[in-house]
Amino acid sequence: QYEPKIFNKPFRIYLNKRNQSLLCLAENLVFCDQKGLMIDTNVNDKNHFATVFKEKEINFSGHVISKKGYVQRELKDYLKADWEQIANHGANYIAFHIPEGSKLTLDNLNASFLEANAFFNKYLPEFQYQLFGTDSWIFDDQIAEYLPESNIAKFQQCVHLLPIKNGND
């Protein structure tokens, strides 16, 4: 199931122009705990940190979000010429939901995403989007620890997770 939405997350998403890899960076002042999970406010704890994002004429720097959805503490620099920004707060995206009882295989998921692309291009061509996304328990990385061969774990390996506030509970 799909619906057009606005990306209301404090992240910037870039596509590498050479190898098509994704780079996800946190915006300024995203508060994180010691593991790199988002929290509501900056608690007075030396293990917590707030992110920084800086953009200059030829480069930008920020806190990378790992493929598993953890904000990294280290600030990293990137050349603008190597990256194309494809999404940030306010961008269009397609939200998806996997209905209960659906057969969750990579082939079914890929076919469904292709069908969604065709549908939105035909019936909502004015809605320009660059990504699909969802907020769901299905992407809790602990599932892969307990069920490493499951279809859920295989699907998790194909996506780039982003943290959500208080997603550690």
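The values are calculated or read from the model by the stated rules, or taken from the named source; none is laboratory data. All of these numbers come straight from a predicted model, not from anything done at the bench. Here the Cβ positions follow ideal geometry from the backbone for every residue, glycine too, while neighbour counts run over all protein chains shown. These accessible areas exclude ligands, DNA and RNA; they are computed on the full protein's heavy atoms, side chains included. Shrake-Rupley method; radii C 1.70, N 1.55, O 1.52, S 1.80 Å.
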Legend entry - the stretch 1-77 - charge dipole about Cα centre, Lys and Arg +1 at Cβ, Asp and Glu -1, debye rounded to 20: 320 debye
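Pull out a ≥ b ≥ c, the square roots of the eigenvalues of the alpha-carbon gyration tensor of the stretch 109-169, then state rounded if a/c is under 1.5, prolate if not and a/b is larger than b/c, and oblate in the remaining case.
oblate
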Legend entry - Charge context of residue 165, other residues only, Cβ under 10 angstrom, K/R +1, D/E -1: 0
Legend entry - the chain: radius of gyration over Cα atoms, expressed as a fraction of 2.2 N^0.38 Å: 1.10
Inset, instruction - Provide the per residue accessible area, probe 1.4 Å, for the chain, rounded to a whole number of square angstrom. - result: 63 Å²
Inset, instruction - Amide H neighbours of residue 83 under 5 Å, at least 5 residues apart or on other chains, H built in the peptide plane: list them. - result: 17
Legend entry - DSSP bridge pairs, the chain: antiparallel proportion in percent, nearest 5: 95 percent
Legend entry - Simple Cβ-charge dipole of the chain, Lys/Arg +1 and Asp/Glu -1, about Cα centre, in debye nearest 20: 460 debye
Inset, instruction - For the stretch 1-65, with all protein chains present and a 1.4 Å probe, just round the carbon and sulfur fraction of the accessible area to a whole percent. - result: 48 percent
Legend entry - Label point distance in nm, residue 150-residue 112, each placed 7 Å from Cα along Cα→Cβ: 1.5 nm
Legend entry - Rg followed by Dmax, in Å, when the stretch 1-70 is reduced to its Cα trace: 14.1, 42
Legend entry - Over 25 Å (Cα to Cα) - which of 68/122; 17/165; 80/154; 5/67; 67/122; 80/122 fall in this group: 68/122; 17/165; 80/154; 67/122; 80/122
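Dipole magnitude of the stretch 46-86 about its Cα centre, charges +1 at Lys/Arg Cβ and -1 at Asp/Glu Cβ only, in debye to the nearest 20?
Values: 8 positive and 6 negative charges, 64 e Å.
Here the size comes out at about 300 debye.
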